[in-house]
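S.K.: Take this structure, written in structure tokens, and hold onto it; I'll ask about it next.
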Amino acid sequence: MAIREVRQMGDPVLSKVCKEVKEMNERTQILIEDMFDTMYEANGVGLAAPQVGILKRICVIDCGDDPICLINPVVLETSGEQTGQEGCLSVAGKAGVVTRPNYAKVKALNEDMQEVIVEGEELLARALLHEIDHLDGHLYVEKVEGDLFEVTYEEDEE
């Protein structure tokens, strides 16, 4: 489909609360496909609709298992604790240390507008909570312990 521009920290759209998705239509299907394409192009693990300038409660995640699309996600349960490095496509070239729950259980709708429950630990839990934060107008930098630091990603050599 299309690669969309990822909005960067400071863009007002990233601090707004997103609206619930009431129905699936062609524009929303195209948005979801574009979000996956944009996330993969940027080598990201997750992407939320406000990051591409759309104030809808939609996020996509792929931690290497199966790609996940969450529409109107709600956190049902969290437990444990993990502290680790976190980055964001909307805070390009930076990362920071963030403590989040180690387990998360989320209820959402999938692309067919059917209810799904997604449970994850470690990276998936971090990604779920990070992306849902975006839908409520929050960036991970609000939770960073200490300062952000520069990161560079080497291209894979094959």
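Values quoted throughout were computed directly from the atomic coordinates according to the rules given, and no laboratory measurement underlies them. Since we're looking at a predicted model, the values are computed, not measured. Methodologically, a virtual Cβ is constructed for each residue, glycine included, from the backbone with ideal geometry; neighbour enumeration extends over all protein chains shown.
S.K.: Please work out which one of (1) in a strand (DSSP E or B); (2) closer than 19 Å to VAL141 by Cα is the condition GLN51 fails and give its number.
M.R.: (1)
S.K.: Okay, next question. If I ask for residues that are within 10 Å of the chain's Cα centre (by Cα) and polar (S, T, N, Q), which ones from the range 51-78 would you list?
M.R.: Result: GLN51, single match.
S.K.: Out of the range 87-115, which residues are closer than 30 Å to ARG27 by Cα and touching a residue at least 40 places away in the same chain (Cβ under 8 Å)? Walk me through it before giving the result.
M.R.: Filtering the range 87-115 down to residues closer than 30 Å to ARG27 by Cα leaves 87-92, 104-115.
Matches in the range 87-115: GLY87, CYS88, LEU89, SER90, VAL91, ALA92, LEU109, ASN110, GLU111, ASP112, MET113.
S.K.: Being loosely packed, with under 13 Cβ neighbours inside 10 Å and more than 21 Å from MET1 (Cβ to Cβ) is the filter here; which residues of the range 17-37 pass it?
M.R.: If the condition is that a residue be loosely packed, with under 13 Cβ neighbours inside 10 Å and more than 21 Å from MET1 (Cβ to Cβ), then VAL17, GLU20, LYS22 are the ones that fit.
Per-residue answers, yes or no, for (1) farther than 17 Å from LEU139 by Cβ; (2) in contact (Cβ under 8 Å) with a residue 40 or more places away in the chain:
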site	(1), (2)
GLN8	no, yes
PRO12	no, no
SER15	no, yes
VAL21	yes, yes
MET24	yes, yes
LEU31	yes, no
ILE61	no, yes
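S.K.: Another question about this same structure. Would you check which residues across the range 71-122 are surrounded by 13 or more Cβ atoms within 10 Å (Cβ to Cβ) and not in a strand (DSSP E or B) and list them?
M.R.: Result: CYS88, LEU89, SER90, VAL91, PRO101, ASN102, ASN110, GLU111, MET113, GLU122.
S.K.: Tally time: how many residues in the range 38-68 are surrounded by fewer than 24 Cβ atoms within 10 Å (Cβ to Cβ) and touching a Phe, Trp or Tyr at 6+ places or on another chain (Cβ under 8 Å)?
M.R.: Here the count works out to 3.
S.K.: Right, something else. For the range 31-40, indicate whether the set of residues that are outside any helix (DSSP H, G or I) and of a type outside the set (Phe, Trp, Tyr) is non-empty. If you could, list the steps in order and put the result at the bottom.
M.R.: Taking the range 31-40 and keeping what is outside any helix (DSSP H, G or I), we get none.
No: the range 31-40 contains no residue that is outside any helix (DSSP H, G or I) and of a type outside the set (Phe, Trp, Tyr).
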